[in-house]
Amino acid sequence: MSALSPAELKPLFPILQQDVNGHPLVYLDSAATSQKPRQVIEAVQRYYERDNANVHRGVHTLGTRATDAYEGAREKVARFINARSASEIVFTRGATTSINTVAASYARAVCKPGDEIVISPIEHHANLIPWQQAAKATGATLKHLPMNDDGSFDLAGAAATITPNTKMVAVTHLSNVLGAVTPVEEIIALAHKHGAKVLLDGAQSAPHLKIDVQKLDCDFFAFSGHKMCGPTGIGALYGKRELLEAMEPVEFGGEMIDYVDLFDATWKEIPWRFEAGTPIIAGAVGLGAAIDFLTEVGMENIEAHDRQLAAYAWERLSAMDGVSVYGPASGRTSLVTFNLEDVHPHDVATVLDAEGVAVRAGHHCCQPLMRWLKVSATARASFYLYNDESDVDRLIASLQRAKEYFGHAIG
Ligand code: PMP
């Protein structure tokens, strides 16, 4: 058992204290977005009530406070993922913008015809389409790492796919559909052997695993605040200092410049050169508060709890007749993806919702992975620190009733 207590944590989340369709809400959709504890909501409110001003410009007191709050949040993000310095943290709108920044700037600058960009077939569209576009723009070849039948990575195949021509490898650190943790250490070592750079899509891993970018030795790490108890609209891109320093910005305007004349301009140092315009100040403050909260609970505790809950859900769902579960049986955390035989997952999710159980159904922004699994869609139950085994039990009980209902309707 982990040291984390959902019974003590759940009351800190106001939204979870409600009934939905006449039943106490069981929120099992944290992989789409997590709920926010009171500390985060209050930090954002306090910022707007006391400190709000634009950053990096005003010499007045509120301007200084807002700047300190914004840059203080950057320091918290750097510590949270163990970056060498806060200058390696670029605030973005989230994982999608972070990945697009690297694909549009780094990849387009270094790739040429004959080079390779390597991704995997299980990627979220956010870590797929930017690389398709970069490959098209540069003439580089887009390649996909091979997968084992259970959806785990085939490392021998990876060794053959990543070659001296590979310039960029971009993979998910934790699949939002399969719930499997990618063997990123091995993939990073393979890529670095050939001089390729590695971007990890950490949208799902940052909330559930303790991240140490120095230990991982990844070159870029992308994640979103809203999946880790922070507000929507804020996220971060970590990049190794020497890479960020060599990269051109992809957005231009106020805040990111050093000197401007009528025909040309020069850029600020990193990270500000990548943050054109008024940044998402209150979002950063909220993300800082979320990081304080997660750190207080302890990422090791969260990791142990989420792994254990996913294993419990996997076991219960696998034991049900007529239910298919997807992804490898081990090395998983935070979520389980499944289907009820002969029933569309939207119908399953609708019946569960009628009993107050919120799960997601659809392609989860992973259409190629759905085709690989030979399904059009799946249902997904995803967990976080406020969930416990009783929530999984509610899911199973509702699913059992859904099965009887549809069995009856179909039969
Ligand atoms: N990658 C993965 C694995 C995700 O699960 C998500 C969010 N569903 C994203 C990227 C994109 O994150 P965002 O929409 O917050 O930019």
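A few notes on this one:
- Residues satisfying the stated conditions in segment 120-146, i.e. among the aliphatic types (A, V, I, L, M) and touching a helix residue (DSSP H, G or I) at 6+ places or on another chain (Cβ under 8 Å): I122, A126, L128, A134, A137, A140, L142, L145
- Check on E355, under 18 Å from the mean Cα position of the chain (by Cα), farther than 30 Å from P249 by Cβ, of a type in the set (D, E) and buried (at least 16 other Cβ atoms within 10 Å of the Cβ): no
- Lone qualifier among S5, S30 - being over 26 Å from I280 (Cα atoms), of a type in the set (S, T, Y) and out of contact with any helix residue (DSSP H, G or I) (no Cβ under 6 Å at 6 or more places or on another chain): S5
- Of all residues in segment 201-231, those being within 13 Å of the ligand (Cβ to nearest atom) and free of Cβ contacts under 8 Å to residues at least 40 places away in the same chain number 1.
- Residue match in segment 58-66 (condition: within 19 Å of G233 (Cα to Cα), within 16 Å of the ligand (Cβ to nearest atom), in the same structural domain as Q133 (by the TED database) and touching a residue at least 24 places away in the same chain (Cβ under 8 Å)): no
- Lone unmet requirement of (1) part of a helix (DSSP H, G or I); (2) crowded, with 18+ Cβ neighbours inside 10 Å; (3) without any contact (Cβ under 8 Å) to a residue 60 or more places away in the chain for Y405: (2)
- Hits in segment 344-368 - residues which are touching a helix residue (DSSP H, G or I) at 6+ places or on another chain (Cβ under 6 Å) and either in contact (Cβ under 8 Å) with a residue 40 or more places away in the chain or away from the ligand (no atom under 16 Å from the Cβ) (or both): V348, V351, L352, E355, V357, V359, C365
- Selection status of S390, free of Cβ contacts under 8 Å to residues at least 40 places away in the same chain and away from the ligand (no atom under 15 Å from the Cβ): yes
- Any hit, segment 269-278, residues being among the β-branched types (V, I, T) and within 30 Å of L62 (Cα to Cα): yes
- Of the residues making up segment 232-246, those that are surrounded by fewer than 24 Cβ atoms within 10 Å (Cβ to Cβ) and more than 16 Å from the ligand (Cβ to nearest atom) are K240, R241, E242, L243, E245, A246.
- Segment 201-215, residues that are assigned to a loop (DSSP other than H, G, I, E, B) and of a type in the set (G, A, S): G202, A203
The values are calculated or read from the model by the stated rules, or taken from the named source; none is laboratory data. Since we're looking at a predicted model, the values are computed, not measured. Note that we place each Cβ from the backbone using ideal geometry, even for glycine, and neighbour counts take in every protein chain shown.
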